[in-house]
Amino acid sequence: MTDVTSSKSARHPHHWRHDLIELAALFTAVVVADTIAKTIAKGPEGPYLLVFSAIALIATAAFHTWWARRRSHASHAPPAGDTGGRAAAVPAARPGPEAAKGPAADGGTGADDLSGRAVGTSLWRMRTTVADTPGSLAALCTVLARLDVDILTLQTHPLADGTVDEFLLRAPADLSARTLAHEVAAAGARDTWTERADAHDLVDTPTRVLGLATRTALDAAELPLALRQLLGRCTLHSVPAVSLTGRPTGEQAPVEGVLEETVMRLRDPHGGTLVVERPYLPFTPTEFARARALVELDARLGPRLPRGRDVLTLPEGNEITVRRADQRDLAAARAMHDRCSARTLGLRYHGPVGDADRYLDHLLSPRFGRTLAVQTASGRLVALGHLLWDGDETEVALMVEDDWQRRGIGSELLGRLVAMAEEAGCDSVYAVTQSSNTGMVAAMRALNLPLDYQIEEGTLVITARLASAHRPAARSQRHEGSRPAER
């Protein structure tokens, strides 16, 4: 308000001469009015003079009004080159980063493609370490601005000897990772790591973490997947506290967990240890705290499974129910083992039939994957299908009770397991069987996916490449050298 008032005073200066003129006009008007009044009262032409005076007064008032409006418009119209007044006090709106670049820098019209990136630009994830001193981040941002790089999001991970800054960047398409790393290093950053990003990375970190926590709360089997998505491309192993032979493995992380640069060990609420490895990029204390919070959430919620189930009708008219299973189905699974032939158990477990029951507790644990169960209308379990997390790879395994084989149950289970693997972002799934297991081979072929076969001493490994594998592979770089992306 102060600026506006002062600007008005500057445009309309007050002069004392103007007041004197108005005062003289007032006295003159009084003298003229007195003279007219005396003339009208004494002369015979008084009425005519009164009419002429009224007409002259109206004409003068009209002229004065017109002249005042004309001067008012002239005083409010800013002259050419004028930067004063209210217009100068309000700064012009600055165009955003995309508008500032224009078509030339954007490589086209600036429209978005299907990947969520503007045409002529690329999305990058960059993580680098800077000194924890005033101005270090400003120097880094100055370098990015000089390269015409937009900072979309920024996260900071405090360390004892610095700060790890994680950026999501939109950069010109012709900017290489080597150039980006070199310029960032010149600004004082170190241990720079870059990776191609996509539209999914545009979600801010709090929203992504809340989504992962929700998925974990609904399904205990989601914890390994949530940890992978939270920490990026990493390898996760679940090491049980007791081996299949009943011997202690010695793997029991402390309650608070252990962080060792590229390896973190977390206490598994179901017993044992969750080991997360990311050799190409050290974990930060912030990431360790987030991972531990997810594991603590899982421990507090206890065993849980999605309640959904599908009722299917087989060709002969029998109805079966397909649902998720976990360790609470252990007794029913052992009863199914007792009804299966030695050949069926041998094709499934590739070992002594007497050891089959030892695997069930492991297979039904949500830490090692997801399990689908098929039960009849009477509630009897007649088939199991497993999707198992095997480090960076994913295995599928099936077992159908003898009396229910050759009815399409195995193919139904396999198709659902592969859909789960695609949903989890897996690039491929593999099945280990024997070359004589024609049913499993036929079911894999029925997927209509690219298959790779590897056979050794009668053991056949069939790998199916999923639709998600056809997406462009993300490239990651550490410093100025390339490293293979890990999932």
Original post:
For His182, what accessible area in Å² do you get when you roll a 1.4 Å probe over the heavy atoms of the protein chains, rounding to the nearest 10?
Top reply: 100
**OP:** Could you grab the Rg to Rh ratio for region 183-341? Cα atoms only, Kirkwood for Rh.
**Re:** 1.08
Original post:
Calculated FRET efficiency, Arg190 and Glu393, Cβ-Cβ r, R0 30 Å, to nearest 0.05?
Top reply: 0.35
Original post:
How large is the Kirkwood hydrodynamic radius of region 147-238, in angstrom, based on all distinct alpha carbon pairs?
Top reply: 15.5
Subject >> If the convex hull is drawn through the Cα atoms of region 397-467, its volume per residue in Å³ >> reply: 80
Original post:
Once both labels are modelled 7 Å past Cα along the beta-carbon direction, what's the Arg339-Arg406 spacing in nm?
Top reply: 1.8
Original post:
Val400: accessible area at probe 1.4 Å, nearest 10 Å²?
Top reply: 20
**OP:** Rank these by accessible area, largest first, 1.4 Å probe: Arg307, Arg323, Arg343.
**Re:** Arg307, Arg343, Arg323
Subject >> Dipole of region 183-310, positive direction: furthest Cα of Ala187, Pro285, Val255, with charges on the beta-carbon >> reply: Val255
Subject >> Residue-level accessible surface for Leu154, protein heavy atoms, 1.4 Å, Å² >> reply: 80
Original post:
Hey, got the dipole for region 146-195? About the Cα centre, +1 on K and R Cβ, -1 on D and E Cβ, debye to the nearest 20?
Top reply: 100
Subject >> Cα centroid of region 426-463 to Cα centroid of region 170-244, whole Å >> reply: 31
Original post:
Based on the Kirkwood radius over alpha-carbon pairs, what is the Stokes-Einstein translational diffusion coefficient of region 322-394 at 4 °C with 1.567 mPa s viscosity, in µm²/s?
Top reply: 102
Subject >> Normalised alpha carbon radius of gyration of region 242-320 [divisor 2.2 N^0.38 Å] >> reply: 1.65
Original post:
Which whole-number value in Å² is the accessible area per residue of region 376-441, probe 1.4 Å?
Top reply: 39
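The values are calculated or read from the model by the stated rules, or taken from the named source; none is laboratory data. Predicted model, so just to flag it, every value in this text is computed and none were measured. Here Cβ is always computed from backbone atoms with ideal geometry, including for glycine, and neighbour counts include all displayed protein chains. Calculation scope for accessible area: heavy atoms of the full protein, side chains included, ligands and nucleic acids excluded. Shrake-Rupley method; radii C 1.70, N 1.55, O 1.52, S 1.80 Å.
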